[in-house]
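Notes for the one structure printed next.
All of the numbers you see were taken from the coordinates with simple rules; none came from a lab. Values in this document were obtained by computation on a predicted structure and should not be read as measured data. Counting neighbours? That spans all protein chains shown, and the Cβs are built from the backbone with ideal geometry, glycine included.
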Amino acid sequence: MKLSPVAIGRFQPALWAVLPVLALIAAWMLVDNTRLLALTVLNGLTLAGLYFLVASGFTLVFGLMRVVNLAHGSLFLLGGYVGYSAGLATGSWLVALMAGFVAAALAGVLMQRFLFGRMVGQNMRQTLITIGISIVMADIYLWVWGGDTYQFDAPDWLTGTVALPLVHKYAEFRLVVLALSCVIGLGLWLLLNRTRVGMMIRAGVDDKDMLSSIGVDVERLFVITFAIGAGLAGLAGVVGGTVLSVAPGEDVRYLLASLVVVLVGGMGSITGAAMGALLIGLAETFGQTYAPTYGVVFTFVIMVAVLAFRPNGLMGKSA
């Protein structure tokens with residue numbers, strides 16, 4: 001339910017009262033430790049980039065195609081594990097990256113072709129089946145890769161540091177993650193909004209029968225879209241395993257992050273996913289740095305505040 005202008009007006013005094021408090025907190029952070037503040041901002045931006053890589057695939061599948069895939073986090077973990085094995089066998093991080101993308105994309109093709117294609121519009125069935133798939137896949141991962149924590153070694157040409165103001169030195173690979181997320185985000189936005197394929201994808205979601213009547217193979221189009229979304233999750237698994245790590249339970253973490261990012265940003269919006277990832281990444285990093293006990297609360301405070309005033313998300317459109 002959307003708040004009326006009258007209801008929103010009642011909250012305005014509280015909102016104006018919060019702004020000076022936030023300004024005082026920001027001033028204290030700046031004066032107390034400028035380098036820590038700058039480092040926290042950079043870490044928040046790179047975490048936001050990682051969240052966007054996962055959530056961009058999720059927003060294609062859940063936000064655009066309206067497919068409730070709660071096994072998206074499992075695809076992230078699949079890409080991470082397969083990428084680790086491929087990197088270990090070849091010694092190449094780029095091979096690991098490609099293997100993670102391809103493995104998750106193939107899994108996505110199978111899921112769309114044999115499961116979701118038969119359950120169009122049946123959200124409850126999709127939810128229950130993908131929860132079951134995620135549980136089964138988690139057990140398979142434990143069986144094949146065990147319960148150890150794995151971390152990728154970044155390629156030698158990305159292991160250096162970059163001189164930056166305030167923080168002095170910052171890991172080069174983290175900046176590459178941020179740049180990669182920006183490039184992928186721009187590419188997805190152009191694909192969906194400036195190409196004929198993107199127009200067909202959006203039209204197929206709104207009116208599948210009409211698009212089929214003009215000769216478009218909608219099923220094939222949806223399979224390709226799902227493969228891209230799943231592949232991005234697998235790619236993010238390799239990137240996340242390099243920045244942080246890959247371990248049992250990470251699938252749930254990144255699934256929840258994707259859900260929050262898409263809900264805050266708006267379903268089906270790449271721009272909204274970027275804004276949601278930015279807010280959640282910064283909130284989580286600032287919480288871990290300045291209030292580790294209550295850090296996780298910041299994320300959900302942002303989600304509740306956004307959905308209270310923008311039920312469809314920051315960039316979401318009314319149904």
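Structural remarks
- Normalised by the number of residues in the stretch 216-319, the average gap of Cα pairs under 8 Å and 6 or more apart makes the relative contact order 25 percent.
- Between the C-alpha center of the stretch 228-287 and that of the stretch 43-86 there is a gap of 6 Å.
- Residue-by-residue Karplus 3J(HN,Hα) for the stretch 48-61, coefficients 6.51, -1.76, 1.60, Hz, glycine and proline x: 4, x, 5, 4, 5, 4, 6, 6, 5, x, 5, 6, 5, 7
- Near M119, once Lys and Arg are set to +1 and Asp and Glu to -1 for all other residues with Cβ below 13 Å from its Cβ, the sum equals +4.
- Estimated distance in nm for a label pair at M210 and D148, the labels positioned 7 Å out from Cα along Cα-to-Cβ: 5.5
- Of the residues A163, G266, V252, the one whose Cα sits farthest toward the positive end of the charge dipole of the chain, with +1 on the Cβ of Lys and Arg and -1 on the Cβ of Asp and Glu, is G266.
- Mean sequence separation of contacting Cα pairs (under 8 Å, at least six apart), scaled by the length of the chain, corresponds to a relative contact order of 34 percent.
- Spin-label model distance (nm) - F114 vs H168, 7 Å beyond Cα toward Cβ: 5.6
- Counted without the sites themselves, the longest stretch of the chain free of trypsin sites (Lys or Arg not before Pro) in a DSSP loop having at most 13 other beta carbon atoms within 10 Å is 3-316.
- FRET efficiency estimate (nearest 0.05) - Cβ-Cβ, A305 to S92, R0 45 angstrom: 0.55
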